[in-house]
Amino acid sequence: MFIDEPPITGARIKVIGVGGGGSNAVNRMIEAGIKGVEFIVANTDLQALENSQAPMKIQLGSRSTRGLGAGSNPEIGRAAALEDHEKLLDVLEGSDMVFVTAGLGGGTGTGAAPVVASLAIELGALTVAVVTKPFAVEGKKRMAQAEKGLAELRGCVDTLLTIPNSKLREVEEKITILDAFRRADEVLLQAVQGITDLI
């Protein structure tokens, strides 16, 4: 018996960065040269989307936000993801494992990440969310939005890794905010790399 196509081996792992923070994390993973993973970014902000290095880009809420972002409103982020859920289903189809990464506290990451995670679960993929919580200096409203988003995400993933940015600064007092974001991205990078190396 002959097989025309070579058999597909290995698990299909996808990393989807949602919103600005998630997109930045994906860019850093691409720069680090992680192999064996498909990278996707999804955002309401068209300009940020165009600047991403990810090979697969999904504009969320193209009709409702017209490429201008979610204005730090998670409800707009959620509605945008629901508006384009068919696009999300198409790119997540066939995944064995999906990492959803986002910075919580703003609009798109906070509102859309739970929608993305729910769709991945619906498709039968092992779904892991790796998210950051805002710095205390970013304000109480942003922190409250992050906590609400975290609670929603908890109910629609297999595993949730939370990186509180404020804790990164406590560990190393003189760390800049930009360096703290890089450290948070390194945690995600190590998690993804560790799992892909195992598989």
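A few points about this structure:
- Any hit, the range 9-21, residues being of a type in the set (Gly, Ala, Ser), in a loop (DSSP other than H, G, I, E, B), over 17 Å from the mean Cα position of the chain (by Cα) and at pLDDT 90 or above: no
- Selection status of residue 186, assigned to a helix (DSSP H, G or I), at pLDDT below 95 and under 16 Å from the mean Cα position of the chain (by Cα): yes
- Any hit, the range 148-166, residues being basic (Lys, Arg), under 26 Å from residue 81 (Cα atoms) and either exposed (fewer than 13 other Cβ atoms within 10 Å of the Cβ) or at pLDDT 80 or above (or both): yes
- When each of 109, 94 is tested for being farther than 16 Å from residue 38 by Cα and either under 13 Å from the mean Cα position of the chain (by Cα) or not aliphatic (A, V, I, L, M) (or both), the lone residue that passes is 109.
- Selection from the range 34-50 of residues that are in contact (Cβ under 8 Å) with a residue 12 or more places away in the chain and within 15 Å of residue 21 (Cα to Cα): 39, 40, 41, 42, 43, 44, 45, 46, 47, 48, 49
- Scoring residue 148 on the criteria (1) in contact with a Ser or Thr (Cβ under 9 Å, 6 or more places away or on another chain); (2) within 24 Å of residue 58 (Cα to Cα) leaves a single failure, condition (2).
- Any hit, the range 64-72, residues being at pLDDT below 95, more than 14 Å from residue 19 (Cβ to Cβ) and of a type in the set (S, T, N, Q): yes
- Residue 198 being hydrophobic (A, V, I, L, M, F, W, C), surrounded by fewer than 20 Cβ atoms within 10 Å (Cβ to Cβ) and free of Cβ contacts under 8 Å to residues at least 12 places away in the same chain: yes
- Pick from the range 131-147, criterion exposed (fewer than 13 other Cβ atoms within 10 Å of the Cβ) and among the small types (Gly, Ala, Ser), ranking: farthest from residue 95 (Cα to Cα): 139
The values are calculated or read from the model by the stated rules, or taken from the named source; none is laboratory data. Because the structure is a prediction, the values reported are computed rather than measured. Glycine also receives a Cβ, built like all others from the backbone with ideal geometry; neighbour counts cover every protein chain displayed.
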